[in-house]
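Inspection log for the structure reproduced underneath, given as structure tokens.
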């Protein structure tokens, strides 16, 4: 049975995968998630967090693991790390799955693929922060991430978000999708307002795979965990 390493996206943490981990375990799979630097319960100062820090945390885990082959699932901003991790550990990574995620070529940065109005806002917010991070607004997060959750569920999820280190958006990837040595998939939410359908289609084409869809928004792991687990395991 494949085992899954679930990598959270911007502002999220390992906590967001809890419903999917439960669903995968029901199906007999092992699934692991952990906080990236500066997220969740990780104490790393956000001012020091960049794309290299993300890659370093994941490679540290895989370097110390000898449990067999992994399927890597990267949500949103975590798509930027998948190629380098797959290239670094070809003997351990058998599949990479992009979940509503950025699929970048070598030398590209995520900021260039955010919507223009959000891009301008991101630069302004980061410049006005004390640690080069993006603060969070409940109404925006409710609309973009948690639209199909109840108000109580959305409030609880929002309380667990953390400001996003902006350098991860502006750092260029050192290894792009063109170098991925293993099987790959692209999953998209049909109601996604963060990475719209035409952008997801572009990313899927870059990977040379069809775009698979789940009928939910950007945070499928929270809003449609059973359907997502079924797709991952399929």
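In table form, for the structure just shown:
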{"item": "The range 111-137, residues that are in a helix (DSSP H, G or I), without any contact (Cβ under 8 Å) to a residue 40 or more places away in the chain and either under 20 Å from the mean Cα position of the chain (by Cα) or more than 16 Å from residue 10 (Cβ to Cβ) (or both)", "result": "112, 116, 117, 118, 119, 120, 124, 127, 128"}
{"item": "Residue within the range 20-37 that is in a helix (DSSP H, G or I), without any contact (Cβ under 8 Å) to a residue 40 or more places away in the chain and touching a helix residue (DSSP H, G or I) at 6+ places or on another chain (Cβ under 6 Å) present", "result": "no"}
{"item": "Check on residue 80, in contact with a strand residue (DSSP E or B) (Cβ under 7 Å, 6 or more places away or on another chain) and in contact (Cβ under 8 Å) with a residue 60 or more places away in the chain", "result": "no"}
{"item": "Residue 43 over 16 Å from the mean Cα position of the chain (by Cα), assigned to a loop (DSSP other than H, G, I, E, B) and farther than 21 Å from residue 156 by Cβ", "result": "yes"}
{"item": "In the range 223-234, the residues that are closer than 16 Å to residue 32 by Cα and crowded, with 23+ Cβ neighbours inside 10 Å", "result": "228, 229, 232"}
{"item": "Every residue from the range 165-208 that is surrounded by 22 or more Cβ atoms within 10 Å (Cβ to Cβ) and without any contact (Cβ under 8 Å) to a residue 12 or more places away in the chain", "result": "none"}
{"item": "Failed item, numbered, when residue 85 is tested on (1) crowded, with 22+ Cβ neighbours inside 10 Å; (2) in contact (Cβ under 8 Å) with a residue 40 or more places away in the chain; (3) under 21 Å from residue 195 (Cβ atoms)", "result": "(2)"}
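The numbers here are math on the coordinates, done by the rules we state, and not lab data. Note that the structure is predicted; figures quoted are calculated from it, not measured. Please note: Cβ atoms are built from the backbone with ideal geometry, for glycine as well, and neighbour counts cover all protein chains shown.
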